[in-house]
1. Within segment A:24-46, track down each residue that is under 12 Å from the mean Cα position of the chain (by Cα) and closer than 14 Å to A:SER131 by Cα.
2. Going by the structure shown, is B:ALA79 away from chain A (no Cβ under 13 Å), of a type outside the set (Val, Ile, Thr), without any contact (Cβ under 8 Å) to a residue 60 or more places away in the chain and more than 19 Å from A:PRO95 (Cβ to Cβ)?
3. If you scan segment B:29-40, which residues turn out to be closer than 26 Å to A:TYR94 by Cα and either at pLDDT 95 or above or within 10 Å of chain A (Cβ to nearest Cβ) (or both)?
4. Restricting to segment A:81-137, and then to whatever is under 25 Å from A:ALA25 (Cα atoms) and among the aromatic types (Phe, Trp, Tyr), can you tell me which residue is surrounded by the most Cβ atoms within 10 Å (Cβ to Cβ)?
5. Filter segment A:77-118 for residues that are farther than 18 Å from A:ILE140 by Cα, free of Cβ contacts under 8 Å to residues at least 60 places away in the same chain and either within 10 Å of another protein chain (Cβ to nearest Cβ) or of a type in the set (A, V, I, L, M) (or both) and give the result.
6. Starting from segment A:59-76, take each residue that is more than 10 Å from every other protein chain (Cβ to nearest Cβ) and list its partners that are part of a loop (DSSP other than H, G, I, E, B), counting only C-beta distances under 6 angstrom and pairs at least six apart or across chains.
7. Regarding segment B:117-137, can at least one residue be identified that is closer than 25 Å to A:TRP115 by Cα and acidic (Asp, Glu)?
8. Would you confirm whether any residue within segment B:111-118 is within 14 Å of chain A (Cβ to nearest Cβ) and either of a type outside the set (S, T, N, Q) or crowded, with 17+ Cβ neighbours inside 10 Å (or both)?
Amino acid sequence: MPVTPKTVQMRWNENTVAFSLITSASFTVDAGSDWYVNPTARGLILVITTGTLTGTPTFRPALQTLRADMSTVLSLWTAAAVISTATTVFYTIYPGGIPGGAETESVDIALPRVWRLWIDYTGTPVSDYCSLAAEAAYLI
Amino acid sequence: MPNLPQNAALRFGENAYPFTILAFEDETQADRTSKVFINPTGHGLYLVVVIGVLTGTPTYRPRLYMRSASGSNLLLWAATAVLSAAGTYRYALYPGGLAGGSPQESVNIMIPREFLFDLDWVGTGSDHADTTVEGIPLL
């Protein structure tokens, strides 16, 4: 079943303010954000915030797109390192990479029209968990 | 001649939806050549090649061409390595290349206005596999 992506309110060819992708009080499964339509941005800043940890969960962000059937998932990038502490980290996603800041990882990819964030979780759900919030801001 | 973007609602300078370059074909035993596509404003694309159900030892190599003013096809790029195993392969064709996410190949190239791809088959007799080629446009 083809997915129907959602579009963040943005004017033509405009940087956007950050918008929420995932908000979870207790993140204990592999899960993705909604699918988004990116009309005119080439990349984004991805921000992940984790709260006080119970146990030893880990979280690994990834970006995915869809193939021509708008149904088959294609992975574009998986973070080099997992997140395993209470922290706020950000990733810069842009063609050529933009490593000039304090980002955890600079990723040399272009953001296609259809995309979503995916979080791989490891741990035992009843004992390893924390709050997790993810947001993004488009970069033209 | 099909155009990109293929969605009439798209505005100028907008990322286009993923599209089919060569639709799924059972038992590809010959070179396959796509239609000519028009790229109004994109810089590059992710090329997705899917190889499945190999019989024998066929190999496949994707290649990009520009349609020249005379109507002939000018070879712009041929994949460095042939594909000889089942899998989904992503090539990043973009100015400067896009090495992130470990693509099959990162190619420092731009996609011109009129372009097409072919899939070069090499094999003998019953060497074949199922093949699909798609594109994901990038501004």
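1. A:ALA31
2. Judged against the criteria, B:ALA79 is a match.
3. none
4. A:TRP115
5. Listed by number, the residues that qualify are A:TRP77, A:THR78, A:ALA79, A:ALA80, A:ALA81, A:VAL82, A:ILE83, A:ALA86, A:VAL89, A:ALA102, A:GLU105.
6. Partner pairs satisfying both residue conditions: A:ARG60/A:ALA79; A:ARG60/A:VAL82; A:PRO61/A:ALA79; A:SER71/A:PRO2.
7. yes
8. Yes: segment B:111-118 contains one or more residues that are within 14 Å of chain A (Cβ to nearest Cβ) and either of a type outside the set (S, T, N, Q) or crowded, with 17+ Cβ neighbours inside 10 Å (or both).
The values are calculated or read from the model by the stated rules, or taken from the named source; none is laboratory data. All values derive from a computational prediction rather than experimental measurement. Reconstructed Cβ throughout: ideal geometry from the backbone, glycine too, with neighbour counts over all protein chains shown.
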